[in-house]
Amino acid sequence: MSVTVVGSLNEDVLVAVGRLPGRGETVIGRDVTITPGGKGANQAAAAGLLGPGVHMVGRVGEDPAGDRQLAALAGSRVNVSQVRRTPGVPTGSATIPVEDGSGENLIVVVPGANAELTASDADVESVRRATVLLLQLEVPLATVEAAARATSGTVVLTPAPAQLLPESLLELVDVLLPNEHELARLAGADARERSPAELAALARSVAGCAVVVTLGARGALVVPAGGPVVLQAPPPVTAVDTTGAGDCFSGALAQELARGADLPGAVRYAVTAAALSTIGAGAREALPDDDAVRALLPRTPDAVPAG
């Protein structure tokens, strides 16, 4: 049983603000916190804290930020032997203003060494033999597709940052994991709030595989390749910071699938883990362990039919 993540490692600069800025607007920040991040590394850290057998494939620079990335992942029980140093290129970074009260955020990513991750980097044993391979789009698309082709395991793809995807990649995916905005972008549709039935129809127009649409505080919509659509609500929590909640969901889903859960069961586990991750600041600081998730699971509502 193993989870391998091929993806990005970033150093996050979190800025606390009274409210998020509008387009062209300046707001005054209150505090700055530097933490490890990156969609790939966040997902790996979440999976590592929830169970054993997690491997990370990626790139960092030959700089102190790279040192901090590797140490943080190792501290989350992630095997980092396939995270390579890249001379002359800095470790990736992200600047994230976080709104007081709501915990909502904006994210600007500078790829750095992540842009240097190659298809040959993904041609490693931990990818080929993974029970679940977890992918995102903060590294080159050719590398993502090469990893999906190389593995014998279940391929889970978070299509973020949102972009159109080639059919050659979508055909390799077993579980597509977009949020509402990413799903609309994949479908070439306008960005607006949709009912569960509308989201399910959009999901099936995009991919022939199972699709799980994350809905923030509303939970997640499970759209199987065949069979009934269900809406899984999260347990009640008081959110402090939603940064990284989607990545926690992805890592938890991958870990639970690797343990043999069916998709609805894995989604129920993942929404519970993601809810717990919002009760502290930053993408990693509030990541839960398996005991915490299973303690909260009885308060997670049962899934209900949708669409």
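Derivation of every value follows stated rules applied to the coordinates shown; laboratory data play no part. Just so we're clear, the structure is a prediction, and the values are computed from it rather than from any experiment. When we count neighbours, we look across all protein chains shown, and the Cβ atoms used for this are built from the backbone with ideal geometry, even at glycine.
Simple point charges give the picture: +1 on the Cβ of Lys and Arg, -1 on the Cβ of Asp and Glu, and for the stretch 203-307 a dipole about the Cα centre of about 300 debye. Highest mean packing comes first when the peptides 28-37, 208-217, 43-52 are listed by Cβ atoms within 10 Å, giving 43-52, 208-217, 28-37.
Between ARG299 and ALA115, the contour length at 0.36 nm per residue exceeds the alpha carbon distance by 62.1 nm. Residues considered: ALA295, ALA148, ALA266. Largest GNM mean-square fluctuation over the chain, using C-alpha springs under 10 Å, is found at ALA295. Along the stretch 9-15, what does the Karplus equation 6.51 cos²θ - 1.76 cosθ + 1.60 (θ = phi - 60°) give for ³J(HN,Hα), rounded to whole Hz, x for Gly and Pro? So the J values, rounded to whole Hz, are 10, 10, 9, 8, 10, 8, 10. Rounded to the nearest 500, the 222 nm mean residue ellipticity of the chain from helices alone is -9000 deg cm²/dmol, with -39,500 (n - 2.57) taken per DSSP H run of at least 4 residues.
Which residue, chosen from SER76, GLY53, PRO87, occupies the Cα position most advanced towards the positive end of the dipole of the stretch 53-95, where the dipole is computed from +1 (Lys, Arg) and -1 (Asp, Glu) charges on Cβ about the Cα centre? The listed residue farthest towards the positive side: GLY53.
When each of the peptides 84-95, 219-230 is scored by the mean number of other C-beta atoms lying within 10 Å of its residues, the order from highest to lowest reads 219-230, 84-95. Scanning residues 5 or more positions from THR86 or on other chains, those with amide H under 5 Å from its amide H are VAL60, GLY61, GLU62, with H placed 1.01 Å from N in the peptide plane.
For the stretch 21-30, just list the computed ³J(HN,Hα) in residue order, Karplus coefficients 6.51, -1.76 and 1.60, θ = phi - 60°, integers in Hz, with x standing in for Gly and Pro. Listing the rounded values in order: x, x, 4, x, 9, 10, 10, 8, x, 9 Hz.
Amide H contacts under 5 Å for ASN179: THR214, restricted to partners 5 or more places along the chain or on a different chain, H placed in the peptide plane at 1.01 Å from N. Near GLY38, the amide H atoms lying under 5 Å from its own belong to ASN10; only residues 5 or more places off or on other chains count, and H is placed 1.01 Å from N.
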